[in-house]
1. Only one of these conditions is not met by A:LEU213: (1) in a loop (DSSP other than H, G, I, E, B); (2) within 18 Å of the chain's Cα centre (by Cα); (3) of a type in the set (A, V, I, L, M); (4) more than 14 Å from chain B (Cβ to nearest Cβ). Which number is it?
2. Hey, could you check the stretch B:38-55 for residues that are more than 30 Å from B:ASP136 (Cβ to Cβ) and open to solvent by 50 Å² or more (accessible area, probe 1.4 Å) and say which is farthest from the other protein chains (Cβ to nearest Cβ)?
3. Checking B:CYS9 against (1) more than 14 Å from chain A (Cβ to nearest Cβ); (2) open to solvent by less than 40 Å² (accessible area, probe 1.4 Å); (3) modelled with pLDDT under 95, which test does it fail?
4. Of the residues that sit in the stretch A:56-73 and are surrounded by 12 or more Cβ atoms within 10 Å (Cβ to Cβ) and either over 25 Å from the mean Cα position of the chain (by Cα) or in contact (Cβ under 8 Å) with a residue 60 or more places away in the chain (or both), which one is farthest from A:ASP132 (Cα to Cα)?
5. Among the residues of the stretch A:151-198, what is the count of those that are in a strand (DSSP E or B), more than 9 Å from chain B (Cβ to nearest Cβ), closer than 16 Å to A:ASP38 by Cβ and without any contact (Cβ under 8 Å) to a residue 60 or more places away in the chain?
6. Could you check the stretch A:5-43 and list, in sequence order, the residues that are farther than 18 Å from A:SER109 by Cβ and assigned to a loop (DSSP other than H, G, I, E, B)?
7. With a cut-off of at least 1 residues that are under 16 Å from the mean Cα position of the chain (by Cα) and of a type in the set (Lys, Arg), name the strands (runs of 3 or more DSSP E) lying wholly within the stretch B:1-108.
8. Quickly run through the stretch A:119-130 and pick out the residues that are away from every other protein chain (no Cβ under 14 Å), out of contact with any Phe, Trp or Tyr (no Cβ under 6 Å at 6 or more places or on another chain) and either crowded, with 18+ Cβ neighbours inside 10 Å or modelled with pLDDT of 95 or more (or both).
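The values are calculated or read from the model by the stated rules, or taken from the named source; none is laboratory data. Predicted model only: the values in this text are computed from it and were never measured. FYI the Cβ positions are ideal-geometry reconstructions off the backbone, even for glycines, and counts take in every protein chain you see. Just the protein is used for accessible areas: all its heavy atoms, side chains included, with ligands, DNA and RNA removed. Shrake-Rupley method; radii C 1.70, N 1.55, O 1.52, S 1.80 Å.
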Amino acid sequence: MAYKPQYGPGTSIVAENRRKYMDPSHKLEKIRDVTDEDIVLILGHRAPGSAYPSAHPPLSEQQEPKCPIRKLVEPTEGAKHGDRVRYIQFTDSMYFAPGQPYLRSYAESYRYRGIDPGTLSGRQIVECRERDLEKYSVELVGTELFDPARTGVRGATVHGHSLRLAEDGMMFDMLQRCLLDKKTGMVNYVKNQIGEPLDRVVKVGKPMDEKWLKAHTTIFHSLGGVAFRDDEEYIEYVQRIHSLRTKYGFMPME
Amino acid sequence: MTEAIYPQCRIVTERLLDPETTEKILNLIVETGGVRRMVLNGPRLPAIVPYGPARGTENPHTLRRQIHIGEQEIQLEVHVGTILLELTSADVIPALKTASDKVFTNFTYRIQEGKYIKTDPSLVDYAKFGPDFDKDLLGLCDPKSKQGPIIIQGT
């Protein structure tokens, strides 16, 4: 019987969403149009339209050592061209943001090649070659993994994940990289991810409503959402892992 | 002589407050009277980016602005999330509740009684401010800040 990955336990909607986002066969639903130029502006690593600076000559011009792994693994576009390694970092509000740090790292690892995700309590960073990064970022910002109000693209000064929301529903941002335009209802980025002002505003769409967020979130939340302890299967699985890890320290043979 | 012990409470809202809402609730609190000392708590909104690659550049922020309380202009330095109050007596709390009911109409809030502002100097306060420090300012001022507390004249 062929192995079929299960991705995660749980019977709740949160667990279901986690499995959905991790499963590469599930196509992430496209919600908003974000152009390549918009992403380049938000990332702030290079000027839009400029050439990709390189860290090394293209692989085709290099003498590569004889290595079976290099023959086996097809390099990504960025690696082929010798691009620099650059990053995008997300802050996700614990008030029902669709993506959450650990989930993001799992999902990206299943979906993308040549990445180095880093998970922290309230933010998640992914590093890869610049060309690949821009391709992945368009998907990460344009699809259901992103909400303009409750997810922020923040390279530095990321505080906001565990704070109460502002009155207009936006997550706290000390540098106020994005603003909610009350007339149009759109969220506009006015600074790039590290807080430098942009030449033009970048529109990332309207914030999703509370109902949509609760149906698409990947965080358990006892106030208003699905409480972790209500998902018995999840608890059973986590307790089993915890128990096995603890026992293994004493009795590796068990 | 025994010093009076004043009751304290705090107003905690479900959302972080906009400057307009802060202005409204604070003006109602000032009108109510019976408040001895007050602290606005919340995450800071610095005028200059303090760290990161953009360090030292200006940080324009729509929530960082001047508000008018009583007859005093106040520069908001934080995105207000909690209002800490020291009262002359606990009888003021129902009036605070009425004021809050008027302003916080779109989201919930709680008024909690407890001790939230320092009343006695700690060892660190003694070391930083010395033995003759005004006790009324204790717990209100950041020892690193160059700006003193703001005194609002009640009606």
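1. Tallying (1) in a loop (DSSP other than H, G, I, E, B); (2) within 18 Å of the chain's Cα centre (by Cα); (3) of a type in the set (A, V, I, L, M); (4) more than 14 Å from chain B (Cβ to nearest Cβ), A:LEU213 fails exactly one: (1).
2. As a first pass, look at the stretch B:38-55 and keep what is more than 30 Å from B:ASP136 (Cβ to Cβ): B:48-49, B:51-55.
After this cut, where a residue has to be open to solvent by 50 Å² or more (accessible area, probe 1.4 Å) as well, the list is B:48, B:51, B:53, B:55.
Values: B:ILE48: 11, B:TYR51: 7, B:PRO53: 5, B:ARG55: 9 Å.
Within the stretch B:38-55, the match that is farthest from the other protein chains (Cβ to nearest Cβ) is B:ILE48.
3. Only one criterion in (1) more than 14 Å from chain A (Cβ to nearest Cβ); (2) open to solvent by less than 40 Å² (accessible area, probe 1.4 Å); (3) modelled with pLDDT under 95 is unmet by B:CYS9, namely (3).
4. Kept after step one, since they are surrounded by 12 or more Cβ atoms within 10 Å (Cβ to Cβ), are these residues of the stretch A:56-73: A:56, A:58-59, A:70, A:73.
Next, from what is left, pick out any that are either over 25 Å from the mean Cα position of the chain (by Cα) or in contact (Cβ under 8 Å) with a residue 60 or more places away in the chain (or both): A:56, A:58-59, A:70.
Numbers: A:HIS56: 16, A:PRO58: 15, A:LEU59: 16, A:ARG70: 19 Å.
Ranking the qualifying residues of the stretch A:56-73, first place goes to A:ARG70.
5. Of the residues in the stretch A:151-198, the ones in a strand (DSSP E or B) are A:151-153, A:166, A:178-180, A:187-191, A:197-198.
When the remaining residues are screened for being more than 9 Å from chain B (Cβ to nearest Cβ), the result is A:151-153, A:178, A:180, A:187-189, A:198.
Those still in the list that are closer than 16 Å to A:ASP38 by Cβ too: A:151-153, A:178, A:187-189, A:198.
So of that shortlist, the ones also without any contact (Cβ under 8 Å) to a residue 60 or more places away in the chain come out as A:178, A:187-188.
Selection size over the stretch A:151-198: 3.
6. Matches in the stretch A:5-43: A:PRO9, A:GLY10, A:THR11, A:SER12, A:GLU29, A:ILE31, A:ARG32, A:ASP33, A:VAL34, A:THR35.
7. Numbers: elements: B:8-13, B:35-41, B:66-69, B:72-75, B:82-87.
Because the criterion is at least 1 residues that are under 16 Å from the mean Cα position of the chain (by Cα) and of a type in the set (Lys, Arg), the strands (runs of 3 or more DSSP E) in the stretch B:1-108 that meet it are B:8-13, B:35-41.
8. The initial filter retains those residues of the stretch A:119-130 that are away from every other protein chain (no Cβ under 14 Å), namely A:119-121, A:124, A:126-130.
Filter once more, keeping what is out of contact with any Phe, Trp or Tyr (no Cβ under 6 Å at 6 or more places or on another chain): A:120-121, A:126, A:128-129.
Selection gives A:VAL126, A:CYS128, A:ARG129.
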